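A.B. asks: Here you go, one structure.
We did not get these values from a lab; they are worked out from the coordinates using the rules stated. These figures come from a predicted structure and were not determined experimentally. Positions of Cβ are generated from backbone atoms using ideal geometry, with glycine treated the same way; all protein chains shown enter the neighbour counts.
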Amino acid sequence: GAVVSQHPSRVICKSGTSVKIECRSLDFQATTMFWYRQFPKKSLMLMATSNEGSKATYEQGVEKDKFLINHASLTLSTLTVTSAHPEDSSFYICSAGTSGRVTDTQYFGPGTRLTVL
Amino acid sequence: GENVEQHPSTLSVQEGDSAVIKCTYSDSASNYFPWYKQELGKRPQLIIDIRSNVGEKKDQRIAVTLNKTAKHFSLHITETQPEDSAVYFCAASRSGGYQKVTFGIGTKLQVIP
């Protein structure tokens, strides 16, 4: 099946620093990738839709200047949390969409646990 | 936008019994309904999905039913095993790959040995 990787898996940083998270589709091309945020024992909340070669589409309430998304190629999207604060601590998960296959679905990366001190 | 409601939020069953999780959706244009299983600290894993042109789909001990008129769909797990314990999310979208997916709040399933 389709494989999506995410790096790093865990990051701890000081308040005020920026953190970059990478999402890669390893064995397929993903025109569209999605970034989610998940708080403990909560559901996945879509933050933004990342389209290769164009600007990301952010969900209502998500600060685009704080959560910078770049989808530079068909296999890589990055999420940068700028000037991170403790309230940004969360589990960030990306997913990549496939189409044209027998199963037309989204596959998730393993997630990145961000802890801001 | 789409709104997906899921219940129950927690479910405990004895090993070997069946578990049923129900979801409703609001967007009549949604036509793809995946179910994900997420273990603690891990990524959601697709376990089964169904499209709007199908009323029921089964894969071994897992089945999903869809009532498009009523806008609800359900996950059925039979002969539950301890390894089925996890959080299950239903979701809905207008397609699979390129459209955003809206998730339910999740159901924490505990299978008691």
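A.B. asks: With each pseudo-label sitting 7 Å past Cα toward Cβ, what's the B:ASN67-A:GLN60 distance in nm, one decimal?
C.D. replies: Taking the simple label geometry, B:ASN67 and A:GLN60 are separated by 2.9 nm.
A.B. asks: Considering the options A:PHE34, A:LEU76, A:SER89, tell which one lies farthest towards the positive end of the dipole of chain A, charges being +1 on Lys and Arg and -1 on Asp and Glu at the Cβ, about the Cα centre.
C.D. replies: A:SER89
A.B. asks: FRET efficiency for B:ILE112 and B:GLN45, Cβ-Cβ distance as r, R0 = 22 Å, nearest 0.05?
C.D. replies: Values: r = 22 Å, r/R0 = 1.02.
So the FRET efficiency works out to roughly 0.50.
A.B. asks: Using θ = phi - 60° and the Karplus form 6.51 cos²θ - 1.76 cosθ + 1.60, what ³J(HN,Hα) does each residue of the stretch B:37-54 get, whole Hz, x for Gly and Pro?
C.D. replies: Values per residue, Gly and Pro as x: 10, 10, 8, 3, x, 10, 6, x, 10, 5, 10, 6, 9, 9, 10, 5, 8, 10 Hz.
A.B. asks: Starting at the first residue of the stretch A:64-70, write each ³J(HN,Hα) from the Karplus equation 6.51 cos²θ - 1.76 cosθ + 1.60 with θ = phi - 60°, in whole Hz, x for Gly and Pro.
C.D. replies: With the stated coefficients, the stretch A:64-70 comes to 6, 7, 8, 10, 7, 10, 10 Hz.
A.B. asks: Given a cut-off of 34 Å, what percent of all Cα-Cα pairs of the protein assembly as shown lie beyond it?
C.D. replies: Values: 3769 of 26335 pairs.
Looking at the protein assembly as shown, the distances longer than 34 Å represent 14 percent of pairs.
A.B. asks: With +1 on each Lys and Arg Cβ and -1 on each Asp and Glu Cβ, how big is the dipole of the stretch A:34-77 about its Cα centre, in debye rounded to the nearest 20?
C.D. replies: About 220 debye.
A.B. asks: Where the only charges are on Cβ atoms (+1 Lys, Arg; -1 Asp, Glu), what is the dipole of chain A about its Cα centre, to the nearest 20 debye? Could the numbers behind the result be given before it?
C.D. replies: On the way: 12 positive and 9 negative charges, 60 e Å.
Roughly 280 debye, rounded to the nearest 20.
A.B. asks: I would also like to ask the following. Is the stretch B:35-103 best put as rounded, prolate or oblate by its Cα gyration tensor, with a ≥ b ≥ c the root eigenvalues, rounded for a/c under 1.5, and otherwise prolate when a/b is larger than b/c, oblate when not?
C.D. replies: Values: a/c = 2.25, a/b = 1.25, b/c = 1.80.
Note, shape of the stretch B:35-103 comes out oblate.
A.B. asks: Per 0.36 nm of contour for each residue apart, how much would the distance between A:GLU87 and A:ASN70 grow if the chain were fully extended, relative to their Cα-Cα spacing?
C.D. replies: On the way: separation 17, 0.36 × 17 = 6.12 nm, distance 2.25 nm.
So the extension gain works out to 3.9 nm.
A.B. asks: May I ask you to derive the relative contact order of chain B, considering only C-alpha pairs under 8 Å and at least 6 residues apart, and to give it as an integer percent?
C.D. replies: RCO, chain B: 37 percent.
A.B. asks: Let me ask something else. PRE reach from B:ASP17 (point 7 Å along Cα→Cβ): which of the stretch B:57-78 fall under 16 Å by backbone N?
C.D. replies: B:76-78
A.B. asks: Calculate how many DSSP beta bridges within chain A are antiparallel, expressed in % of all such bridges and rounded to the nearest 5.
C.D. replies: Numbers: 36 of 40 bridges.
Here the share of antiparallel DSSP bridges comes out near 90 percent.
A.B. asks: Sticking with the crude label model, points 7 Å out along Cα→Cβ, report the distance from B:ALA29 to A:LYS14 in nm, one decimal please.
C.D. replies: 4.8 nm
A.B. asks: Right, something else. Would you please give the residues with an amide H less than 5 Å from that of B:ALA86, counting only those at least 5 places away or on a separate chain, with H modeled from the backbone geometry?
C.D. replies: The answer is B:LEU109.
A.B. asks: Further question: Quick one: putting +1 on the C-beta of Lys and Arg, -1 on the C-beta of Asp and Glu, what dipole do you get for the stretch B:11-51 around its Cα centre, in Debye to the nearest 20? Walk me through the numbers before you get to the answer.
C.D. replies: Details: 5 positive and 5 negative charges, 33 e Å.
Using Cβ point charges on Lys, Arg, Asp and Glu, the stretch B:11-51 gives about 160 debye.
A.B. asks: Turning to a different aspect of this structure: Can you give the Kirkwood hydrodynamic radius for chain A, in Å, rounded to one decimal and based on Cα pairs? Write out the running numbers ahead of the final one.
C.D. replies: Details: mean 1/r = 0.0706 Å⁻¹.
With all distinct Cα pairs of chain A included, I get 14.2 Å.
A.B. asks: State the answer as a single residue: which of B:PHE89, B:ILE47, B:ASN67 lies farthest towards the positive end of the charge dipole of the stretch B:15-89, with beta carbon charges of +1 for Lys and Arg and -1 for Asp and Glu, about the Cα centre.
C.D. replies: My answer, from the dipole projection, is B:ASN67.
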